[in-house]
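Worksheet: the structure to be examined is printed underneath.
The values are calculated or read from the model by the stated rules, or taken from the named source; none is laboratory data. It should be emphasised that the depicted structure is a prediction, and the values quoted were computed from it without experimental measurement. Here the Cβ is made from the backbone with ideal geometry for all residues, glycine too, and neighbour counts use every protein chain on show.
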Amino acid sequence: MSGSYRAEMLKLVRWPAMWILAAVLLVLAQVFGYLIPYIAYRSGGGGGFAAGETTAQLLADTLPGRLVPNTLGGFPMFAGAIALIIGALAAGSEYGWGTLKTILTQRPRRLSMLGGKVLAITSTILALVIGVFAVNAVWSWVIATTEGRPTDWPSVLELGRGIGAGWLILGMWSLFGALLGTLFRSTSLAIGLGLVWALAVENLIRGFASLLGFLDAFQKGLPGTNAGSLVASLGAATLDQPGGTPGVTAAVSGPQAVVVLIAYVVALLVIAGITLQRQDVN
Amino acid sequence: MAMSVAEHVIETRDLTKVYGKHVRAVDRLNLLVRRGEVYGFLGPNGAGKTTTLRMLLGLVHATSGTTLVLGRAPGDPQSLIRVGAMVEEPAFYPYLSGRDNLRVMARFASLPEDGVDAALDVVDLLGRGGDRFKTYSQGMRQRLGVAAALLKDPDLLILDEPTNGLDPAGMADMRALIRRLDSGDRTVLLSSHLLGEVQQVCDRVGVISRGTLIAEGTVDELRGRGSVLVRAEPLAAARESAERLLGTGRVEVLDGTLRLDSDPADVPKITQGLVLAGLAVSEVRPMERTLEDVFLELTGKEDADHER
């Protein structure tokens, strides 16, 4: 599997689309996590605050002490969507370009190739998560220094937990995209349906959950709900709280969310493996 | 002479592939390819050639039948490491250079990457190895596909329509390359619908039609004995003389000429016999059947049988 992993890493590192997606993720994280809140704080908010929200809170969220929840706030939805695209591209494009047949005539077994791909995708996701945390840390330090506030960094344990949670969430979404790419043998359908699910369907189900009891139970098992709950358990504000972010919810506890997300990762890998093993590669 | 199993690089028994419920792409195919030969796998478009190759490589699962490639099941890493293959269009990552594409493939095969430049050199792509695959011409793409197949210095090379999309010069280059690759114990399985190509480079040929092997043998065996065309006057006297020379039943009159069922090597003897008989001989020409004639005859007969 190491040969497959090294091959997949070479492909991902040299792929311009991956760098563009990484840049988009970093820029969006800065713009919505730091730039817009800080500008709003400096301009007094323009009277557009949510109930209970204050300028002091806007500033506090951008300071080093809130690095973990402020960074993770965007992971369940928009960063998750980008991770889904990364996974769908990495798996689906092999069918579109016909490169799967070229790979499989080299040597690797199908599951070994899949293992290498999954390792490479999740390594890339880990690098992205660390990158987002690093750039956010710089922003929070700059804001704290500019505003003369203390730079109280989160503990190493807290930071490690935040990076781990981010990796689990984005890793799950990337594997979700990879499974769709493998099932549909294409990128466009996988990305389209994946985004519709992650950005629209799950939100609609959550929206109707309060009306129907069975939908409430169902939504607690959804990947997005569990991703949002894990983030909320680490301090990110839920959508109904001041400064809350879409996708962040407190539907289930943090430990339960971790278990469900890991179960999703395992299930996605098993389904992708069975699908790939049974497919005729044309 | 019976060949031992060890001498068969590829062996299929009743290999069958059915897509859906009714599309029988390959039907009980029995194929034996011997070590060291260049085997031409001929058939019209849609005959089942590419599906067969995909099954040999483990890309497509057979519906029934058995296959051994280098003594192992299709797709087994132990045999794949000794097989170089190019199936249909060469497929590579468009954003990577030719060299990086081969590096990726070397990594997948767990091979050292120092063989990449040597493979590029064999196919005359060393100078363009740093350019992105998407900028390559069709001929360069085909050659990169061959380079990828050569990375493993394979014992068995499977090439599917390697001259597809090439101009005449590119086709000639590719044929020359295939001849160069046929060295030592290496076996080449060349699938094509271009008969001239197969005739020029292959030791043995198998003809597939509607998923079934309908003929197999050396090119000469398939072409059979040729004939001789004679234009002489008067025609009736010429026919009598020819029958005296060859025997009755081996001479036919066709469009004002005689067609003699005779080895082309007999042309001097026939010419001499006709001239000595006092005939005005204006033309004596050997007529060799091409592989195309044989192919059209075989596949045409198969079509007719199918429609009957």
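So here's what we get for this one:
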{"item": "So B:Gly20, is it free of Cβ contacts under 8 Å to residues at least 24 places away in the same chain, within 12 Å of chain A (Cβ to nearest Cβ) and surrounded by 14 or more Cβ atoms within 10 Å (Cβ to Cβ)", "result": "no"}
{"item": "Hey, A:Gly148 of a type outside the set (A, V, I, L, M, F, W, C), more than 14 Å from every other protein chain (Cβ to nearest Cβ), closer than 30 Å to A:Pro69 by Cα and free of Cβ contacts under 8 Å to residues at least 12 places away in the same chain or not", "result": "yes"}
{"item": "Qualifying residue in region A:129-146 (condition: modelled with pLDDT of 95 or more, closer than 22 Å to A:Pro255 by Cα and either surrounded by 21 or more Cβ atoms within 10 Å (Cβ to Cβ) or in contact with a Pro (Cβ under 8 Å, 6 or more places away or on another chain) (or both))", "result": "yes"}
{"item": "Long-range neighbours under 8 Å by Cβ, at least six apart or interchain, first residue under 14 Å from B:Val284 (Cα atoms) within region B:235-260, second at pLDDT below 85 and hydroxyl-bearing (Ser, Thr, Tyr)", "result": "B:Arg259/B:Ser227; B:Leu260/B:Ser227"}
{"item": "Strands (runs of 3 or more DSSP E) contained in region B:192-308 and holding at least 1 residues of a type in the set (Gly, Ala, Ser), outside the structural domain of B:Val38 (by TED's automatic domain parsing) and farther than 23 Å from B:Asn45 by Cβ", "result": "B:227-233, B:280-287"}
{"item": "Test: residue in region B:68-77 that is among the charged types (D, E, K, R) and surrounded by fewer than 22 Cβ atoms within 10 Å (Cβ to Cβ)", "result": "yes"}
{"item": "The listed residue being in contact with a His (Cβ under 7 Å, 6 or more places away or on another chain) and either within 30 Å of B:Asp182 (Cβ to Cβ) or small (Gly, Ala, Ser) (or both), out of B:Arg204, B:Arg210", "result": "B:Arg210"}
{"item": "Residue that is surrounded by 15 or more Cβ atoms within 10 Å (Cβ to Cβ) and modelled with pLDDT under 90, where the choices are B:Val230, B:Val205, B:Val188, B:Val201", "result": "B:Val201"}
{"item": "Single match in A:Leu204, A:Leu170, A:Leu183 (criterion: without any contact (Cβ under 8 Å) to a residue 60 or more places away in the chain and assigned to a helix (DSSP H, G or I))", "result": "A:Leu204"}
{"item": "Boolean, B:Ala106 is within 10 Å of another protein chain (Cβ to nearest Cβ), in a strand (DSSP E or B), surrounded by 16 or more Cβ atoms within 10 Å (Cβ to Cβ) and touching an Asp or Glu at 6+ places or on another chain (Cβ under 9 Å)", "result": "no"}
{"item": "Of all residues in region B:84-103 being among the aliphatic types (A, V, I, L, M) and more than 7 Å from chain A (Cβ to nearest Cβ), the one that is farthest from the chain's Cα centre (by Cα)", "result": "B:Leu102"}
{"item": "Selection within region A:256-282 - within 21 Å of the chain's Cα centre (by Cα) and without any contact (Cβ under 8 Å) to a residue 12 or more places away in the chain", "result": "A:Val259, A:Ala263, A:Val266, A:Ala267, A:Val270"}
{"item": "Checking B:Leu126 against (1) more than 10 Å from chain A (Cβ to nearest Cβ); (2) free of Cβ contacts under 8 Å to residues at least 60 places away in the same chain; (3) at positive phi, the condition it does not meet", "result": "(3)"}
